[in-house]
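Let me begin by presenting the structure, written as structure tokens, before commenting on it.
Please treat every number below as a calculation from the coordinates, not as lab data. What you are looking at is a predicted structure, and each value in this text was computed from that prediction instead of being measured. Cβ: placed from backbone, ideal geometry, glycine included. Neighbour counts: every protein chain shown.
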């Protein structure tokens, strides 16, 4: 065997002169070359089950991925070929379409070289995992000045699924008002239920008002609190 150093490459050449046919029947020359360069990053997926019911929330991690001669610069996740959000880890829901599904992770190193690994999840045909219902309830407080010292606050412009709440829902609006005195740190709170909340906010006595509104619709419930400075936010 003869060794030659060519630039940054090490070449090993095996000359097969005089070799008998038993050991060299199909080989005339063997040559291997090892060249220095960027090594491919190694993607690793952890946290995924091998089998799960459809509707399962999948939490995958790629943080064990590594680059032998550098660092991981980016992560890209795909579920059945569709990209979904995630960096070192990602979350997706296993579809309920009667099929098995594949999660793939592509990592790219700091020199721009990428590699992909995939894991297929077998879908359990048992009972699907129930999905949480969205609560598209948007509490909204509006007001108008009623007289010199009173304001009327309304919950009727609140929405459910993009539509203003109905009268029955508005009748169950829960209010809690806390007034803060000007001359002391004292405060007092009073509550009420209904579509309208009347509040006396005398600017000579009170410096601020916290008004909390809670709305319930079916299994959905949301609360907001508005802070008003007197008289800046509730002018007289």
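Summary of values
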| quantity | calculated |
| --- | --- |
| Orientation-averaged projected area, Cα convex hull of segment 81-132 (nm²) | 4.7 nm² |
| Efficiency of FRET between residue 140 and residue 200 - r from beta-carbon atoms, R0 25 angstrom, step 0.05 | 0.65 |
| Simple spin-label estimate for residue 51 and residue 181 in nanometres, 7 Å along Cα-Cβ | 7.0 nm |
| Cβ-Cβ FRET estimate between residue 64 and residue 39, R0 fixed at 25 Å, reported to 0.05 | 0.90 |
| Radius ratio Rg over Rh of segment 119-194, counting only Cα atoms, Kirkwood formula for Rh | 1.29 |
| Centre separation in Å (Cα based) which lies between segment 67-117 and segment 159-236 | 47 Å |
| Inverse of mean 1/r across different Cα pairs in segment 107-236, Kirkwood, Å | 18.2 Å |
